[in-house]
Amino acid sequence: PRQPVSQGGMAGLGLKCKPSVVGLYLFVLVHEASCFMSGGMRATPVRGLQTPLINKPAPQLRTSSVNLRMSSMAPPPIEPPIEPPIEPPRKEESSMLETPCLGAAETTTWSWNGYDIRVAQTPPAVPSNSKPPIVMIHGFGSSCDTWRNQYDAFASAGHHVYGIDLLGLGGSEKAADADYSIMLWKNQVLDFVQQVVKSESVILVGNSIGSLVSVNCAADEERKHLVDGLVLMNCAAGMNSKFVLYDKRTSPVGKAISSVVFGVLEFVLNTKPIAEFFFNNLRGEDNIQQVLQNVYVNKEAVDADLVRSICKPADDPSALAVFVKIVVGDPGTTPDTIMDQVKAPMLLVWGDQDIVTPLKVGYGPYFAKELVETRPLTELVVVSGGHCPHDDCPEDVNAGVLNWLSRLPAAVPARLNQ
């Protein structure tokens, strides 16, 4: 039987001892069993080298008529070798920025604070002013492609549906100079709502880290009015698993053990040759497929399109630097500490066989029991699926979300009066 790995070991992923598989466990430690983005290195020719023959003395020739004639001839000039021009890597070869998003009607680029952000959208089949737009936010190592089964389903119900790739992930720019955090992504999403969606309010739908970003958007003191409702799917408790060092739900022993684990992890990732070794082993399609097969219940959903959408960003030259920043960075505030600031109606959707953020371990009981029993306007739908239920069992998830959305207008005034 599979064991939870968000607070446990590698057994849940079915992994054993190969170096590439050990590397895969690093991804599980940061809440998302998928791979992304790795950069390569390019050898640079050494300039200014001259042929050693130039500095050698001329050979002594025998005094023959032939050699005299040869010595009287001027030697041809010796030219330094011509270096081939160094071409910069072509962006389109390694970027997903302009790659059409799976399942979406159109894919565009949005410039945010000087960074290129990949955006997908599908307009409603029948436009409706009463149906708020939906903005979907993916998890770590993923992209808006994983919402491939939601674009048409939600648009058919009258919603304008958007998917956005978070900065540094998916098809968005891999900005090595950015300080990655939940707050950064929160501002990205809220700016997107105001600058691109241009709606008074939206429904935020998130998975894993995307759910945590959504919670922070709805808790933002100045812009929480932009969020009319939250759909949180298998919500993460931090940008990475370092939150266990600070939260109130981890025992002192757990904190001590975790401190050692994260110390080793940070050392490995900050040692570039070692990080590159693991990362290059991680990003292969076989490894990614193995991880996905263990976090998906429906194995048929792990198809070539899904694997490719996760592997392709690995060609970006800055991806390794981004990955390290996310894994060793500030995990952010856990959801329970800011939940009182969230007033929007909330639907929790959980895969019952999730081994990354399981219902019965870690923050699972907080969402599935404490929150549902004590927070108004909060519902829970449990489906037969894993960590990405929207792609693992889309029919059940879509039915649950659409049912909740159909009852949402009556709940919004109640939220506003709180």
Worksheet item: Going down the list Lys131/Lys343; Lys174/Lys242; Lys224/Lys312; Lys174/Lys248; Lys224/Lys325; Lys255/Lys343, which pairs span over 26 Å between their C-alpha atoms?
Response: Lys224/Lys312; Lys174/Lys248; Lys224/Lys325; Lys255/Lys343
Worksheet item: What are the residues whose amide H is under 5 Å from the amide H of Leu380, where those residues sit 5 or more places off or on another chain and H is modelled from the backbone?
Response: Leu348
Worksheet item: Of all the accessible heavy-atom surface of region 110-182, with the other protein chains kept in place and a 1.4 Å probe, what percent is carbon and sulfur?
Response: 46 percent
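Given Cα positions, please report Rg to Rh for region 277-326, the hydrodynamic radius being the Kirkwood one. Walk me through the numbers on the way to the answer.
Numbers: Rg = 11.8 Å, Rh = 11.7 Å.
Radius of gyration over Kirkwood radius for region 277-326 works out to 1.01.
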Discussion item. At a threshold of 8 angstrom on Cα-Cα distance, excluding pairs fewer than six apart, so keeping six or more, what relative contact order does region 113-172 reach in percent?
Written reply: 50 percent
Fill in: Accessible surface, 1.4 Å probe, highest first, among residues Ser251, Ser318, Ser208
Ser251, Ser318, Ser208
Discussion item. Take Ile274 and Ser406, extend 7 Å from each Cα along the Cα→Cβ direction, and tell me the distance between the two endpoints in nm.
Written reply: 5.5 nm
Discussion item. If amide hydrogens are placed 1.01 Å from N in the peptide plane, which non-local residues have theirs closer than 5 Å to the one on Val227?
Written reply: Val202
Worksheet item: Protein chains only, probe 1.4 Å: how do Lys248, Lys369, Lys174, Lys198 rank by accessible area, largest first?
Response: Lys248, Lys198, Lys369, Lys174
Discussion item. Quick one: 3J(HN,Hα) in Hz for region 246-257, Karplus 6.51/-1.76/1.60 with θ = phi - 60°, rounded, Gly and Pro as x.
Written reply: 10, 6, 8, 9, 9, 5, x, 5, x, 5, 5, 5
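The values are calculated or read from the model by the stated rules, or taken from the named source; none is laboratory data. Owing to the predicted nature of the structure, the values given are computational and were not obtained by experimental measurement. Methodologically, a virtual Cβ is constructed for each residue, glycine included, from the backbone with ideal geometry; neighbour enumeration extends over all protein chains shown. Each accessible area value is taken on the protein alone, full model and side chains, heavy atoms only, with ligands, DNA and RNA left out. Shrake-Rupley method; radii C 1.70, N 1.55, O 1.52, S 1.80 Å.
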